Amino acid sequence: MTPERRNTVKAVFSRALDLPESERAAFVSRSLDNTADRAEVETLLQWYSADYLASPALTEEPLESAGTRFGPYVIVRELGHGGMGTVYLASREDELAGRQVALKVISTCGDEHEMKERFTSEKLALIKLEHPNIVSILDAGTAPSGQVYLVMEYVDGVPLDSFYRERQLDIPARLKLLLKVCEAVAYAHRNLVIHRDLKPSNILVTREGNPKLVDFGISKVLGRDTEETLASTNRWCVTLPGIVAARSCTSRRPTRS
Amino acid sequence: MATAGLTFLPVTLPMKLAAISELLGRLEDTDARAAQVVRLRFYMGMTEQETAATLGLTRTIVQQEWRWARAWLRAELHGAWRRNAVVLNDSGAAEYR
């Protein structure tokens, strides 16, 4: 079969698919003279299914759907996606039912072992921090599927910059809010924990105007295994230019506040 | 599980993908352009427009090849399994016919 004829057959097939089913047979016999071509098109029209193989073989990491269980927690909806994984709003289904939490499912598309280790240090970092302006960790666990998850206090708030805009805060009001953030950061630094990814989207402000620092995903517990920590500090220098202090990527010690 | 003297093996997604990959090799021999479109759209996850730009084809041609190839693959996949009195349904599960 010549390529031209092949193309004609395919074009007839494709155009037939755009017609209502009742008109397809007549269209095919009108458009093709060759009996074998007609038979082939008719057979393939029967087998064609619009959604067959319609989505790619490998898709993005599937999101957990509402109702999926992680230990005593049940997924309600997605809250956001970060480098470490996806954060969901979840609620408990036991005697503490109704309590809403933020549940972060670790992304396993990278090196699973390393990701799990990072998750552990995030957990440690948060456990060490108890401050009204730092999101507290409530729980951590491993789902039967092997996914590691972290349960954090759920903050119903907006990012710092959005809060500024929405409330149309003047400079003194903005600075007052920022001072609370600084106090939280200073508290973390006193405990030898640096955030390493401080940016407006990681500072949520509640309706009452209380800032909460979230996502200590790449912070490290300094003071334990220091050499390793400093080496990894350079490796994981993955933050936004213009927001993070340059010295947090280069200096040997975090700033003392 | 055994039905009518036949043993059924669970058909997994990897098995389905392996079968498609094998059929794609055959399609390549007779219809290289259709096979190419499947590779870009199904394996690479490209859109119709991206596939057209990559292969230097019009969107109409890409749509034609894509529709044709998927119908061909589905017909072949079911046909191949029917010879063993088992067909795969679209979710990859074996059905006795």
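The values are calculated or read from the model by the stated rules, or taken from the named source; none is laboratory data. This structure is a prediction, so every number in the text was calculated from the model and none was measured. For neighbour counting, all protein chains shown are included, and Cβ atoms are generated from backbone atoms with ideal geometry for every residue, glycine included. Surface areas here come from the heavy atoms of the whole protein model, side chains and all, with no ligands, DNA or RNA. Shrake-Rupley method; radii C 1.70, N 1.55, O 1.52, S 1.80 Å.
Numbers below:
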quantity: Residue tally, condition touching a residue at least 12 places away in the same chain (Cβ under 8 Å) and in a loop (DSSP other than H, G, I, E, B), over the stretch A:35-53; calculated: 1
quantity: Filter result (without any contact (Cβ under 8 Å) to a residue 40 or more places away in the chain and surrounded by 15 or more Cβ atoms within 10 Å (Cβ to Cβ)) within the stretch A:151-173; calculated: A:Y164, A:L169
quantity: Test: residue in the stretch A:43-50 that is more than 13 Å from chain B (Cβ to nearest Cβ) and either surrounded by fewer than 17 Cβ atoms within 10 Å (Cβ to Cβ) or at pLDDT below 90 (or both); calculated: no
quantity: Helices (runs of 4 or more DSSP H) wholly inside chain B that include at least 1 residues being among the hydroxyl-bearing types (S, T, Y) and at pLDDT 85 or above; calculated: B:13-30, B:48-55, B:59-82
quantity: Given (1) open to solvent by 70 Å² or more (accessible area, probe 1.4 Å); (2) touching a residue at least 40 places away in the same chain (Cβ under 8 Å), index of the condition A:L204 fails; calculated: (1)
quantity: The stretch A:174-191, residues that are modelled with pLDDT under 90 and surrounded by fewer than 18 Cβ atoms within 10 Å (Cβ to Cβ); calculated: A:H189, A:R190, A:N191
